[in-house]
Amino acid sequence: MEKRTCTHSLAVKTSYVLPPDTNTYGTLFGGKLMAYMDDVAAIAASRHARMPVVTASTDSVDFLAPVKEGHSICVEAFVTWTHNTSMEVFVKAVTEDLRTGQRQVCSTAFLTFVAIDEEGKPKPVPSVVPESEHEQKLHASAADRAKHRKERRKQAKEFAEIFGTDYPWNRSRN
């Protein structure tokens, strides 16, 4: 399978931050930003794999700066690492005051996607060739992030088993 560079998968989306996208403080809803990030990351993963993908996980998303109404939000994503059928995608969101040109990174995250076939079964993906110093740094530290994701997923499954599908107030009635 042919290897691909990080820039091969680069996806970028820029949008205005409009009133329906904001909370009572006049800043972008965190969930809206997360949806933008997932959307652009999925495009990057699909571009890398050249097949359909599904989101497997999102690492913590930290909101580093507010994204104000009337500003723009630019989300960039590219595949940093692969493992058999999965791809790690780095996502960076930058807000810009369009009147002054001031730009600020407002969020970063890593998302993991799995390539799937027509039956929804995982499919192998090409490996990544990091070129720039930043790409190489992300690629070199990806195995550690994957290990932490695996541990976090195990814990999430344990919580799901413990808490089940009932709401706490329904348990006493059973």
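One table, with the values for the structure above:
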item: Cβ pairs under 6 Å, 6+ apart, first in the stretch 112-126 and at pLDDT 95 or above, second in a loop (DSSP other than H, G, I, E, B) and surrounded by 23 or more Cβ atoms within 10 Å (Cβ to Cβ); result: 115/125
item: Number of positions in the stretch 1-14 that are in a strand (DSSP E or B) and surrounded by 15 or more Cβ atoms within 10 Å (Cβ to Cβ); result: 4
item: Members of the stretch 26-45 that are in contact with a helix residue (DSSP H, G or I) (Cβ under 9 Å, 6 or more places away or on another chain) and over 17 Å from residue 110 (Cβ atoms); result: 26, 28, 29, 32
item: Test: residue in the stretch 95-104 that is farther than 30 Å from residue 26 by Cβ and among the aliphatic types (A, V, I, L, M); result: no
item: Residue among 122, 126, 130 that alone is farther than 18 Å from residue 110 by Cβ, surrounded by 12 or more Cβ atoms within 10 Å (Cβ to Cβ), in contact with a His (Cβ under 8 Å, 6 or more places away or on another chain) and not hydroxyl-bearing (Ser, Thr, Tyr); result: 126
item: Conditions (1) among the small types (Gly, Ala, Ser); (2) surrounded by 12 or more Cβ atoms within 10 Å (Cβ to Cβ); (3) part of a helix (DSSP H, G or I); number of the one not met by residue 109; result: (3)
item: When residues of the stretch 83-100 are limited to those that are acidic (Asp, Glu) and more than 10 Å from the chain's Cα centre (by Cα), the one surrounded by the most Cβ atoms within 10 Å (Cβ to Cβ); result: 96
item: Checklist (1) modelled with pLDDT of 95 or more; (2) under 25 Å from residue 16 (Cα atoms) applied to residue 60, failing item; result: (1)
item: Subset of the stretch 97-128 [in contact with a helix residue (DSSP H, G or I) (Cβ under 8 Å, 6 or more places away or on another chain) and of a type in the set (Gly, Ala, Ser)]; result: 107, 109, 115
item: Members of the stretch 70-82 that are buried (at least 17 other Cβ atoms within 10 Å of the Cβ) and assigned to a loop (DSSP other than H, G, I, E, B); result: 71
item: Residue check, residue 60 in a loop (DSSP other than H, G, I, E, B), surrounded by fewer than 18 Cβ atoms within 10 Å (Cβ to Cβ) and small (Gly, Ala, Ser); result: yes
item: Lone qualifier among 107, 172 - being more than 14 Å from residue 6 (Cα to Cα), of a type outside the set (Lys, Arg) and at pLDDT 95 or above; result: 107
item: Tabulated pairs, the stretch 6-30, first at positive phi, second exposed (fewer than 13 other Cβ atoms within 10 Å of the Cβ), C-beta under 9 angstrom, 6+ apart or interchain; result: 26/19
item: Output for the stretch 15-50, where each listed residue is crowded, with 21+ Cβ neighbours inside 10 Å, small (Gly, Ala, Ser) and within 11 Å of the chain's Cα centre (by Cα); result: 41, 44, 45
item: Within the stretch 127-147, tally of residues that are of a type outside the set (Ser, Thr, Tyr) and free of Cβ contacts under 8 Å to residues at least 40 places away in the same chain; result: 7
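The values are calculated or read from the model by the stated rules, or taken from the named source; none is laboratory data. Because the structure is predicted, anything quoted here is derived from the model rather than measured. All Cβ positions, glycine included, derive from the backbone under ideal geometry; neighbour counts span all protein chains shown.
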